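Report on the structure given below.
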Ligand code: LLP
């Protein structure tokens, strides 16, 4: 479900017309729907009600304090990948005791910080890391809770940059080596073996790879429970979302988004197929969803600055760039282009490239896409930009970061102000 629909000719987020937000806060502008995030969390939580579980939101997907606070209030834990994310979770009112710490390159300072905050568990990705955690814990006179991340060597069938569960990926410990790794980890004096973790990739659109991984790793989980008394098994994140046809109801006449042929992965299908195996193991199940919770809950608003007609193409040049939303450039990500003012029914579509102002040919949001009429000055929404949108934005081309707004019902809250020029040079120095 999401909360972006036309009402009286205006694309609204819940009860708020997006054009009014673009006018008030300027563009480019990220807008998030609180109701969508809540709905996704509550539905996922309910689908797992048959098993002891904890949802640890993958903070990296969208780490705005307002989003973290909203999830913390729903009882969410957090999967973090840096000390900076742990700091954010704390500032947002999240509980470090419900945080898992992932990542292949945790530094001493990060491990010390996480130990001091009393996180739930380190998800260690190599034996070298476990030894390092033990050493640091010894220095501090504490015992560190540790899970090892197993790499099950399962193909997630997703973009190669976000596929993590194959032996050639840098993540986790090889399935063939994991049992010995547990043995050695268990002998370390300042480590307490607490769990098992895996994550095979992101934006998975079928349940099959999840099922394959869970079935492959389940016997290991059972053995670890027996041999080391582990408490939990984290099956990672990765639940894919629908990027095309994101206006699921009230689809306007001009809508021509191609069918993907891939049935969307429903949360019900996910839970139904995995739960029997998970329940049988009798461990607490952790999930680390990022995109599923926030992806369809956000849009990036941008305004057409110019139109340029060439011999080969027509370009709609907008005021957002690849620095604001890098997914099309980096992963060939698809984001629907939806005008904020509803097009007149039957208005002819035009095949265009929607591009940004950044000095790179990779700076595009849509190529050869049939879109409704868009004139200079018109605003549009790049749909499903709530995950891996703002968090991956940069100041490239010295472009200030956009503002972010959280809509809740009929209210809109500015949750991050737009950067100004002084932010661009903050912290820089010219040698005397
Ligand atoms: N757990 C671990 C250990 C992860 O590495 C990730 C994502 C997640 C959970 C959350 O995965 P999700 O539920 O969001 O699929 N920037 C890329 C996605 C990178 C995902 C990185 N790891 C994109 O825009 O598609």
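The values are calculated or read from the model by the stated rules, or taken from the named source; none is laboratory data. Because the structure is predicted, anything quoted here is derived from the model rather than measured. Ideal geometry is used to build each Cβ from the backbone, glycine not excepted, and the neighbour counts take in all protein chains shown.
Quick notes
- Residue in segment 304-317 that is buried (at least 21 other Cβ atoms within 10 Å of the Cβ) and in contact with a helix residue (DSSP H, G or I) (Cβ under 7 Å, 6 or more places away or on another chain) present: no
- Within segment 328-363, the set of residues being more than 16 Å from the ligand (Cβ to nearest atom) and not in a loop (DSSP other than H, G, I, E, B) comprises 337, 338, 339, 341, 350, 351, 352, 353, 354, 355.
- Scanning segment 69-86 for residues that are in contact (Cβ under 8 Å) with a residue 24 or more places away in the chain and part of a helix (DSSP H, G or I) yields 69, 70, 71, 83, 85, 86.
- Selection status of residue 292, in contact (Cβ under 8 Å) with a residue 40 or more places away in the chain and under 30 Å from residue 217 (Cα atoms): yes
- Qualifying residue in segment 375-384 (condition: within 16 Å of the ligand (Cβ to nearest atom) and assigned to a strand (DSSP E or B)): yes
- Being over 24 Å from residue 203 (Cβ atoms) and touching a residue at least 12 places away in the same chain (Cβ under 8 Å) is a condition met by no residue of segment 320-338.
- Scanning segment 77-104 for residues that are under 21 Å from residue 195 (Cα atoms) and within 13 Å of the ligand (Cβ to nearest atom) yields 77, 78, 79, 80, 81, 82, 99, 100, 101, 102, 103, 104.
- Condition check for residue 66 on (1) in contact with a strand residue (DSSP E or B) (Cβ under 6 Å, 6 or more places away or on another chain); (2) in a strand (DSSP E or B): one failure, at (2).
- Options 33, 20, 49, 27; residue that is within 21 Å of residue 389 (Cα to Cα) and over 20 Å from the mean Cα position of the chain (by Cα): 27
- Within the option set 97, 50, being at pLDDT below 95 and farther than 30 Å from residue 412 by Cβ holds for one residue only, 50.
- Residue that is surrounded by the fewest Cβ atoms within 10 Å (Cβ to Cβ) [pool: residues in segment 124-149 that are out of contact with any strand residue (DSSP E or B) (no Cβ under 6 Å at 6 or more places or on another chain) and under 18 Å from residue 104 (Cα atoms)]: 128
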